[in-house]
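Worksheet: one structure, shown below.
Rule-based calculations on the coordinates, nothing more; no lab input. In this text the structure is predicted, and so the values were computed from the model without any measurement. Positions of Cβ are backbone-derived with ideal geometry, glycine not excepted, and every protein chain shown enters the neighbour counts.
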């Protein structure tokens with residue numbers, strides 16, 4: 001005899017289902033329990049893999065964010081230096097040709 005969920009079987013009988021239909025429905029539902037347990041186990045394993053992946057990515061993301069901050073500082077400084085050089089060059093040429 002296959003495994004069945006007796007509560008489901010009893011409820012179906014009370015609801016007016018025939019014995020064979022109630023038994024078969026209770027057996028079918030019982031067959032899903034191991035499947036759900038397997039899927040739940042796979043989800044737990046997948047969750048662990050995803051968390052481990054993010055744990056490995058976090059330091060890399062921090063490093064990239066630091067690099068971006070450095071690049072922003074450089075991008076802010078370069079125009080200032082360029083303008084200063086242009087001003088000095090202009091002053092130098094003005095003094096040379098004056």
Quick check on segment 50-64. Is at least one of its residues over 33 Å from the mean Cα position of the chain (by Cα) and assigned to a helix (DSSP H, G or I)? no
Could you list all residues from segment 8-39 that are assigned to a helix (DSSP H, G or I) and loosely packed, with under 10 Cβ neighbours inside 10 Å? 14, 20, 35, 36
